[in-house]
Amino acid sequence: MLTVTVPPAGTVLTLWLAGVGFLAIAGLTWTTSFRLDVVSHLVGLVGGAAAGALLAPAPGDRSRGGGAAAQVSLSAIALAAAGLRLLPKPIDLAEPLGHYARTEVRLAARTAELTASAREGRLSPAAVAAALKEDVIPSWHELRSILPEPDRLGPRQQGLVALLNRHAAAQEELWTLVAANGAPEAIAARAAEIQALRGQLDAHVVKR
């Protein structure tokens with residue numbers, strides 16, 4: 001049967017200071033990079049402290065051998081296996097971001113084509129509006145639905161997803177106004193908003 005040994009006061013203070021330092025570094029790093037899996041590191045910190053308390057021999061006691069370590073190792077393996085099944089899988093943004101980028105390129109080419117056709121008289125305003133309503137506007141709306149919910153994302157991921165949502169919403173509103181032959185002032189305002197959001201997105205990607 002395992003017993004918990006209380007380490008000397010100096011050891012406790014050292015471990016406490018190391019734990020506080022770890023938490024400070026992890027918190028600082030997590031706010032600047034969403035690539036760090038803070039939860040896993042915290043689990044390792046707590047698990048290591050627990051294993052140390054269980055395995056540390058009492059002063060002058062040399063009776064503990066490898067049996068206690070084996071028990072702790074087996075328990076850790078069992079907990080890790082349970083965690084893999086029970087904990088939610090981390091969100092991978094690569095697929096939705098790739099889809100967003102490809103769709104944005106396609107829609108930019110499509111709207112440029114429609115605008116040029118209208119300017120050159122090859123398409124009537126009604127035909128351009130129909131094409132926008134059939135493809136461009138629904139596609140921008142669909143892009144907003146593929147982005148993950150922010151509650152399971154890190155701070156930087158949340159910021160990126162929020163910008164993408166605002167960008168897609170502004171694009172949808174812009175082309176809805178164009179299709180409805182909206183006021184030029186409103187169209188210009190949406191275009192300016194999209195340009196500003198694009199600058200923020202570019203800056204966000206560079207900072208990553």
Counted residues in the stretch 136-153 being surrounded by fewer than 18 Cβ atoms within 10 Å (Cβ to Cβ) and farther than 21 Å from residue 180 by Cα come to 8
Quick one: count up the residues across the stretch 164-206 that are surrounded by 15 or more Cβ atoms within 10 Å (Cβ to Cβ) and acidic (Asp, Glu). 3
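Regarding the stretch 117-128, can at least one residue be identified that is closer than 19 Å to residue 201 by Cβ, modelled with pLDDT of 90 or more and out of contact with any His (no Cβ under 6 Å at 6 or more places or on another chain)? Steps first, please.
Within the stretch 117-128, the subset closer than 19 Å to residue 201 by Cβ is none.
Among the residues of the stretch 117-128, not one is closer than 19 Å to residue 201 by Cβ, modelled with pLDDT of 90 or more and out of contact with any His (no Cβ under 6 Å at 6 or more places or on another chain), which makes the answer no.
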Collect the residues in the stretch 76-116 that are charged (D, E, K, R) and at pLDDT 70 or above, keeping them in residue-number order. 92, 95, 102, 104, 106, 110, 113
Which members of the stretch 149-188 meet the condition of being over 23 Å from residue 103 (Cβ atoms) and outside any helix (DSSP H, G or I)? 154, 181, 182, 183
Would you please list the contacts, defined by Cβ atoms under 7 Å and residues six or more apart or on different chains, that run from a residue in the stretch 142-165 that is outside the structural domain of residue 103 (by TED's automatic domain parsing) to a residue that is surrounded by fewer than 17 Cβ atoms within 10 Å (Cβ to Cβ)? none
Residue among 132, 160 that alone is surrounded by 14 or more Cβ atoms within 10 Å (Cβ to Cβ) and closer than 18 Å to residue 112 by Cβ: 132
Quick one: how many residues across the stretch 160-177 are of a type in the set (Val, Ile, Thr) and modelled with pLDDT of 95 or more? 1
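The values are calculated or read from the model by the stated rules, or taken from the named source; none is laboratory data. Quantities reported herein were computed from a predicted structural model and do not represent experimental measurements. Cβ coordinates were reconstructed from backbone atoms using ideal geometry, including for glycine residues, and neighbour counts include every protein chain displayed.
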